[in-house]
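The values are calculated or read from the model by the stated rules, or taken from the named source; none is laboratory data. Computed from a predicted model, the values in this text were never measured in an experiment. We place every Cβ from the backbone using ideal geometry, glycine too, and count neighbours over all the protein chains shown. Heads up: the accessible areas ignore ligands, DNA and RNA and are worked out on the full protein's heavy atoms, side chains in. Shrake-Rupley method; radii C 1.70, N 1.55, O 1.52, S 1.80 Å.
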Amino acid sequence: MDRIVRKAVAQLPVSFPKDDIPQARLKLIQELKKVTRRASAKGGMTLYLPTERLHGIALPVSIVASEPIEIPRVRAESGPEAVLTALASETPGAEIRELDDTAALRAEREVPADPEQGVEVAHRQVDYLVPIPDSTPDKYLTFSYSALIAPGSDPAFYDTLVELFDAVMSTFRWSYT
C-alpha cells in the first residue's frame, strides 16, 4: 500500500500545492483501507485496483475475486447449470456465458449513489458467478467489477471499461495442479 501511495503522490501535477500533499497522502491511505475492508467483509480474497494511468487517465475501477461460496442444487439430480439458469431468471441484467467451457452467470447493473446505504458514488457493476468444476458440494467463485461513474461523464467510457472487464474474464482458465 505504501508503494502505491508513493507512486500516486509522485504523479500529482506540479501545480498541486506542496502543503496539501500530506493530506492527500492520508486521504488516499484511508480510501485504500476502506476499499480493502469493504472487499474483505464481502468475502473478497483478492482485490485488483489499477495503479497506472492509461493515456493519462486514472481508471476508477476495481475487481474483487471472492472466496468460494456454496449454493445448493435446484434439484438433487441437477447440476450447477440449473442453479445458474434459476438465478438468471430472477436477476435483472443477468445472462449465461461460457468461461473455459464452463457455464457462468454474468449480471450487469448500475448502482445509484445512496449515502444512507453506504454507496457514496454511483457505479456500474458486473458480477460473474462461476461454478468450480467437480466440487462437492457445489461451490462457486464470484468476480465483481465496479467502475465509479463521475457525474456528467460519457456512458460510452463506462461501456468500454465493461467491455475490457468482459475481455479479461474471457481469458479465465481453470488450472489443475
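Please work out whether segment 11-67 counts as rounded, prolate or oblate from its C-alpha gyration tensor, where a ≥ b ≥ c are the square roots of the eigenvalues and a/c under 1.5 means rounded, while otherwise a/b larger than b/c means prolate and anything else oblate? Verdict is oblate for segment 11-67.
Rounded to the nearest 20, the size of the Cβ-charge dipole of segment 88-177 about its Cα centre is 200 debye, with Lys and Arg at +1 and Asp and Glu at -1. Whole Å is fine, so just give me how far the alpha carbon centre of segment 143-167 lies from that of segment 12-42. Segment 143-167 and segment 12-42 have Cα centres spaced 22 Å from each other.
How large is the dipole of the chain about the Cα centre if only Lys and Arg carry +1 and Asp and Glu carry -1, each at its Cβ, rounded to the nearest 20 debye? Don't jump to the answer; show the numbers that get you there.
On the way: 20 positive and 26 negative charges, 194 e Å.
Taking the Cα centre of the chain as origin, the dipole is about 940 debye.
Accessible surface computed residue by residue for segment 50-123, with neighbouring protein chains in place and a 1.4 Å probe, gives 65 Å² per residue. Note: relative contact order over segment 1-101, using C-alpha pairs below 8 Å and six or more positions apart, is 16 percent. Note on segment 17-80: dipole from Cβ charges, positive end direction compared against Leu28, Ile57, Ala39; the farthest Cα belongs to Leu28.
Note down the relative contact order for the chain as a percent, whole number, built from C-alpha pairs under 8 angstrom at least six residues apart. Please report the intermediate quantities before stating the final value.
Working: 240 pairs, mean separation 29.6, N = 177.
Rounded, it is 17 percent for the chain.
Helical content alone sets the calculated 222 nm signal of the chain at -10500 deg cm²/dmol, taking -39,500 (n - 2.57) per DSSP H segment of four or more residues and averaging over every residue. The string of couplings for segment 77-89 from the Karplus curve (6.51, -1.76, 1.60, θ = phi - 60°) is 8, 8, x, x, 4, 5, 5, 4, 5, 5, 5, 4, 6 Hz, one whole number per residue in order, with x for Gly and Pro.
Taking the accessible area of segment 10-96, probe 1.4 Å, and keeping the other protein chains in place, the carbon and sulfur fraction comes to 58%. Straight-line reach from Lys33: taking Cα to Cα under 21 Å and skipping same-chain neighbours fewer than 8 places apart, the lysines in range are Lys7, Lys42.
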